[in-house]
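The values are calculated or read from the model by the stated rules, or taken from the named source; none is laboratory data. Just so it is clear, the model here is predicted, and its values are computed rather than measured. Here Cβ is always computed from backbone atoms with ideal geometry, including for glycine, and neighbour counts include all displayed protein chains. SASA here: full protein model, heavy atoms, side chains in, ligands and nucleic acids out. Shrake-Rupley method; radii C 1.70, N 1.55, O 1.52, S 1.80 Å.
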Amino acid sequence: MSTSSSRTGYLYHEIYGWHDTGSGPMFPSNGFGGIQPMPHPENAETKRRMHELIVVSGLINHLHRLEPSQATEADILRCHTAEHLAAIKAGSLQPKGGDAGDGVSPFGNGGYEIALLAAGGVMSVVDAVLSGEVRNGYALVRPPGHHAVPSMGMGFCMFNNIGIAARHAQANRGVGRIAIVDWDVHHGNGTQAIFYDDPSVLTISVHQDNCFPPSSGLLTETGEGAGKGTALNVPLPPGSGNPAYEYAMRNVVVPALERFKPEIILVSSGFDASLMDPLARQMVTSAGYRLLTSILMEAADRLCNGRIAMSHEGGYNPMYVPFCGLAVMEQLSGHHTLDDPFAAFDYMAGGPMLAHQQAVVDAAAANIAGIPA
Ligand code: 3YP
Ligand code: ZN
């Protein structure tokens with residue numbers, strides 16, 4: 001693991017677009033309630049369009065394409081209960097599929113196998129980074145994973161893809177310390193829960209305060225037992241934009257990584273903190289995501305030979321997510337292709353960081369001293 005190529009891994013498979021969330025179940029369509037049927041927000045479009053932009057822009061020619069493996073039952077069971085696994089398998093055998101646990105996380109017939117490929121896709125990217133086949137990499141998978149807790153799926157997630165990949169790296173690839181940075185706008189509650197008492201995995205979630213799940217991801221959630229201090233949360237107020245996110249990255253995420261000294265950095269990468277997202281109220285732009293990526297890369301260069309593996313989570317604006325994703329992929333690989341045409345709207349993304357935003361980040365920074373050194 002001493003030498004690492006400079007390549008960037010990229011993993012996507014068309015079958016991720018076949019994960020079928022149907023229509024309506026977030027708020028069931030009902031003519032008498034006035035809700036006209038429409039696709040579930042977590043549908044294939046945002047992610048398929050991100051992939052197609054990576055191809056059409058030509059960036060694909062600068063990426064090292066990786067193939068997903070299928071996670072095994074043993075891989076799933078490192079993070080989930082046998083009951084949860086059995087429930088997903090049973091639902092997947094039904095003609096119209098089932099729900100991962102909370103009623104807003106539907107999947108179609110055969111959805112189990114696609115979920116195994118999503119978890120396996122993140123495992124494949126982590127493996128390629130660890131072997132040195134690539135320096136860093138991105139798994140553009142569906143369904144997402146960061147809300148899935150050991151006993152159930154929730155928030156559009158079936159299995160906790162990034163947690164499964166982390167435990168795989170520890171069980172099968174000799175990795176000790178892993179940091180998981182979650183910049184999806186929602187709290188990475190499932191990932192936090194899996195590793196809450198585990199001192200070998202640092203989880204850091206930067207999210208919109210009290211967005212989803214409700215009352216989850218508070219400053220006071222810092223781990224328990226042997227894992228005390230190895231969970232960190234930055235619950236940013238709604239309306240936070242690039243300056244507050246950059247400040248959180250430089251003053252919480254990077255110092256926490258420096259203290260924890262991970263062997264690899266995993267990222268739950270959602271693009272739902274964007275200026276244009278319908279499911280949250282933050283204002284990060286594609287340039288903001290590019291900057292967050294560059295800050296993480298500098299930390300990874302210093303700490304772990306540049307090793308970063310990203311796993312796609314949320315992001316619900318089909319027009320804008322592709323440009324946020326392209327910016328991250330360009331930064332990871334060091335190649336520029338085309339400019340974000342929606343940068344014309346960046347003036348809407350707010351001015352400097354506000355005092356109440358900085359106060360939350362400063363309070364989160366006070367928790368860094370609790371990370372076991
Ligand atoms: C789940 C139900 C309401 C908000 C939604 C959030 C899904 C997501 O993008 N999580 O990261
Ligand atoms: Zn999200």
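Is it the case that ASN251 is open to solvent by 50 Å² or more (accessible area, probe 1.4 Å) and at pLDDT 95 or above?
Yes.
Considering only region 82-105, state which residues are of a type in the set (Gly, Ala, Ser) and under 17 Å from ASN161 (Cβ atoms).
Within region 82-105, SER92, ALA100, GLY101, SER105 meet the criteria.
This table checks each residue for (1) open to solvent by 10 Å² or more (accessible area, probe 1.4 Å); (2) touching a Leu at 6+ places or on another chain (Cβ under 8 Å); (3) within 17 Å of VAL122 (Cα to Cα).
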site	(1), (2), (3)
ALA169	no, yes, yes
GLY176	yes, no, no
THR191	no, no, yes
ASP198	yes, no, no
VAL201	no, no, yes
HIS207	no, yes, no
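With the requirement that a residue be aromatic (Phe, Trp, Tyr) and away from ligand 1 (no atom under 14 Å from the Cβ), what does region 300-326 give you?
TYR320, PHE323
Yes/no matrix, rows are residues, columns are (1) over 19 Å from the mean Cα position of the chain (by Cα); (2) touching a residue at least 12 places away in the same chain (Cβ under 8 Å):
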{"position": "LEU11", "(1), (2)": "no, yes"}
{"position": "ASP20", "(1), (2)": "yes, yes"}
{"position": "GLY34", "(1), (2)": "yes, no"}
{"position": "GLU42", "(1), (2)": "no, yes"}
{"position": "LYS47", "(1), (2)": "no, yes"}
{"position": "VAL55", "(1), (2)": "yes, no"}
{"position": "ILE60", "(1), (2)": "yes, yes"}
{"position": "HIS64", "(1), (2)": "yes, yes"}
{"position": "GLU73", "(1), (2)": "yes, yes"}
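Would you mind telling me which numbered condition in (1) crowded, with 16+ Cβ neighbours inside 10 Å; (2) assigned to a loop (DSSP other than H, G, I, E, B) ARG49 fails?
(2)
Please determine whether any residue of region 350-360 is buried (at least 24 other Cβ atoms within 10 Å of the Cβ), farther than 26 Å from HIS40 by Cα and not hydroxyl-bearing (Ser, Thr, Tyr).
No: zero hits.
Answer with yes or no whether PRO341 is open to solvent by 30 Å² or more (accessible area, probe 1.4 Å), within 16 Å of ligand 2 (Cβ to nearest atom) and either touching a residue at least 40 places away in the same chain (Cβ under 8 Å) or not polar (S, T, N, Q) (or both).
No, not satisfied.
For region 85-106, enumerate the residues that are closer than 11 Å to GLY153 by Cα, more than 16 Å from ligand 2 (Cβ to nearest atom) and either assigned to a helix (DSSP H, G or I) or at pLDDT 95 or above (or both).
Result: LEU85, ALA87, ILE88, ASP99, GLY101, PRO106.
Which ones in region 309-326 are open to solvent by 10 Å² or more (accessible area, probe 1.4 Å) and assigned to a loop (DSSP other than H, G, I, E, B)?
Result: TYR316, ASN317, PRO318, MET319.
Residues in region 230-243: is at least one out of contact with any Pro (no Cβ under 7 Å at 6 or more places or on another chain), surrounded by fewer than 20 Cβ atoms within 10 Å (Cβ to Cβ) and more than 17 Å from GLN357 (Cα to Cα)?
The answer is no, given that none of the residues of region 230-243 is out of contact with any Pro (no Cβ under 7 Å at 6 or more places or on another chain), surrounded by fewer than 20 Cβ atoms within 10 Å (Cβ to Cβ) and more than 17 Å from GLN357 (Cα to Cα).
Any residue at all in region 284-296 that's free of Cβ contacts under 8 Å to residues at least 40 places away in the same chain, in a helix (DSSP H, G or I) and open to solvent by 30 Å² or more (accessible area, probe 1.4 Å)?
So far as region 284-296 goes, no, none of its residues is free of Cβ contacts under 8 Å to residues at least 40 places away in the same chain, in a helix (DSSP H, G or I) and open to solvent by 30 Å² or more (accessible area, probe 1.4 Å).
Do you know which residues across region 280-299 are in contact with a strand residue (DSSP E or B) (Cβ under 6 Å, 6 or more places away or on another chain) and within 16 Å of ligand 1 (Cβ to nearest atom)?
Answer for region 280-299, where residues must be in contact with a strand residue (DSSP E or B) (Cβ under 6 Å, 6 or more places away or on another chain) and within 16 Å of ligand 1 (Cβ to nearest atom): ALA280, GLN282, VAL284.
Going by what's in this entry, would ARG281 be described as within 16 Å of ligand 2 (Cβ to nearest atom), modelled with pLDDT of 95 or more, surrounded by fewer than 24 Cβ atoms within 10 Å (Cβ to Cβ) and not in a strand (DSSP E or B)?
yes
I'd like to verify a number: residues in region 165-187 that are within 23 Å of TYR245 (Cβ to Cβ), charged (D, E, K, R) and part of a loop (DSSP other than H, G, I, E, B), how many?
So the answer is 1.
This table checks each residue for (1) of a type in the set (Asp, Glu); (2) within 16 Å of ligand 1 (Cβ to nearest atom).
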{"position": "ASP182", "(1), (2)": "yes, yes"}
{"position": "ILE194", "(1), (2)": "no, yes"}
{"position": "ASP209", "(1), (2)": "yes, yes"}
{"position": "THR222", "(1), (2)": "no, no"}
{"position": "LEU236", "(1), (2)": "no, yes"}
{"position": "VAL254", "(1), (2)": "no, no"}
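Here is a list of conditions, (1) under 19 Å from GLY315 (Cβ atoms); (2) more than 16 Å from ligand 1 (Cβ to nearest atom), and ILE265 meets all of them except one; can you say which number that is?
ILE265 satisfies every listed condition except (1).
Can you tell me which residue in region 112-139 is most open to solvent (accessible area, probe 1.4 Å), limited to those that are under 12 Å from LEU332 (Cβ atoms) and in a loop (DSSP other than H, G, I, E, B)?
Among them, the one singled out is ARG135.
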